[in-house]
Amino acid sequence: MKSQRLFCIGFLLAVMALGAGTAAAAGPECTRPFTLALHDHGLLYSANSDTGIDKDFADELIRRSGCKVTVSFLPRARIWQLIESGALDFSTSGISNAQRERFAGFAWYFSNKYYLLVRKDSGVTSLGDFERNPALKMGVIRSFRYSESANRLVDTLQLANRVSQAGGLDPLYQTLMLNRIQGMIIEPFDYPALDERAIREVSNIIEFNDPPVPHGLIMSNKAISPTEQEKWRAIVNTMRADGTVGRIFEKYFKADLATKLVSF
């Protein structure tokens, strides 16, 4: 009996060790330090306070991975360049298109719709009004892409030399208030800034009739192999499944909107 008990104990310990080894093997390989860049964009991340949804998300992702990851702050256009070259491993809240799929992988963790913020004195009450008036200019963040209808409008205006580009939201808010542009594309993450800057008093919001667009962790194809990307994607999926992503969003939005953003 004693030998049987010892055998059972030994067998259980072996199974536990094998399980622990399998769990460890399932995680990302931390054979080198990684890099991740955040970009300044409303509630997603504020460089001034070093806070935001993407900062919280990145912190938890790094903790769960067990890897050393250096986090920095960069303009969005520069982030895409570095991701494509393989000089940057990760970034956050990225959306995909055919061009980006060639050099990056994604792990989705929220989705949202886009809106046209337009000056009231422009007389615009629909997307078509804005497109048809050659005197109106649109402001966009350099390298940003949006939903299908929003992209189509931006591309059309770009061909007509009616688009002004900036490195972030702050310059666009300033040029909108100065009436140098009459419209810009915004997301729910930008709403608090509209109140802080009294922009709501001079503007209206028009919704693009597109489905919500998925946003996710961006992974450089040159820096992160497909096998390793799946391991990082598994961490993100677990964070969604266990409610962590939802709780992060609830720090910044009311519960109903947070649920809407993370349920897709």
Quiz item: For residue 176, which of the numbered conditions (1) free of Cβ contacts under 8 Å to residues at least 60 places away in the same chain; (2) under 22 Å from residue 45 (Cβ atoms); (3) under 23 Å from the mean Cα position of the chain (by Cα) fails to hold?
Solution: (3)
Self-check item: Residue check for residue 73: over 26 Å from residue 191 (Cβ atoms), hydrophobic (A, V, I, L, M, F, W, C) and surrounded by 13 or more Cβ atoms within 10 Å (Cβ to Cβ)
Solution: no
Quiz item: If residue 137 satisfies every condition in (1) among the charged types (D, E, K, R); (2) at pLDDT 95 or above; (3) surrounded by fewer than 19 Cβ atoms within 10 Å (Cβ to Cβ) but one, which is the exception?
Solution: (3)
Quiz item: What number of residues within the stretch 150-183 satisfy the criterion of being closer than 21 Å to residue 213 by Cβ and open to solvent by 30 Å² or more (accessible area, probe 1.4 Å)?
Solution: 5
Exercise. Need at least 1 residues that are under 10 Å from residue 218 (Cβ atoms) per element, so show me which strands (runs of 3 or more DSSP E) inside the stretch 52-121 make the cut, counting only ones lying wholly within it.
Key: 90-94, 104-112
Quiz item: Quick one: what pairs do we get from the stretch 192-214, first residue within 15 Å of residue 182 (Cβ to Cβ), second open to solvent by less than 40 Å² (accessible area, probe 1.4 Å) and among the aromatic types (Phe, Trp, Tyr), C-beta under 7 Å, 6+ apart or different chains?
Solution: 199/173; 205/115; 206/115
Practice problem: Check whether at least one residue in the stretch 24-38 is open to solvent by 40 Å² or more (accessible area, probe 1.4 Å), in a strand (DSSP E or B), touching a residue at least 24 places away in the same chain (Cβ under 8 Å) and of a type in the set (Phe, Trp, Tyr), and report yes or no. | Solution: no
Quiz item: Does residue 142 satisfy the criteria of being over 30 Å from residue 242 (Cα atoms), touching a residue at least 60 places away in the same chain (Cβ under 8 Å), in contact with a Ser or Thr (Cβ under 7 Å, 6 or more places away or on another chain) and open to solvent by 10 Å² or more (accessible area, probe 1.4 Å)?
Solution: no
Quiz item: Which residue, of 192, 214, 226, is touching a Phe, Trp or Tyr at 6+ places or on another chain (Cβ under 6 Å) and either open to solvent by 40 Å² or more (accessible area, probe 1.4 Å) or within 28 Å of residue 29 (Cβ to Cβ) (or both)?
Solution: 214
Exercise. Pull up the stretch 83-104, narrow it to residues that are open to solvent by 30 Å² or more (accessible area, probe 1.4 Å) and under 13 Å from residue 143 (Cβ atoms), then point me to the one that is nearest to the chain's Cα centre (by Cα).
Key: 97
Exercise. Run residue 259 past the list (1) at pLDDT below 95; (2) loosely packed, with under 15 Cβ neighbours inside 10 Å and report the number of the one that doesn't hold.
Key: (1)
Practice problem: Could you please give the count of residues in the stretch 47-65 that are within 13 Å of residue 27 (Cβ to Cβ) and either within 14 Å of the chain's Cα centre (by Cα) or open to solvent by less than 60 Å² (accessible area, probe 1.4 Å) (or both)? | Solution: 3
Quiz prompt | Condition met for residue 142 (under 25 Å from residue 111 (Cα atoms) and of a type in the set (Lys, Arg)) | solution = yes
Practice problem: Examine the stretch 118-128 for a residue that is open to solvent by less than 50 Å² (accessible area, probe 1.4 Å), touching a residue at least 12 places away in the same chain (Cβ under 8 Å) and under 20 Å from residue 39 (Cβ atoms), and state whether such a residue exists. | Solution: no
Quiz item: Looking at (1) touching a Gly at 6+ places or on another chain (Cβ under 6 Å); (2) free of Cβ contacts under 8 Å to residues at least 60 places away in the same chain; (3) among the aliphatic types (A, V, I, L, M), which is the only condition residue 166 fails?
Solution: (1)
Quiz item: Looking at residue 183, is it under 14 Å from residue 146 (Cα atoms) and touching a residue at least 12 places away in the same chain (Cβ under 8 Å)?
Solution: no
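The values are calculated or read from the model by the stated rules, or taken from the named source; none is laboratory data. All values reported here derive from a predicted model rather than from experimental measurement. No Cβ is skipped: glycine too gets one built from the backbone with ideal geometry, and neighbour counts run over all protein chains shown. The protein model used for the area step is the full one, side chains on, heavy atoms only, and it has no ligands, DNA or RNA in it. Shrake-Rupley method; radii C 1.70, N 1.55, O 1.52, S 1.80 Å.
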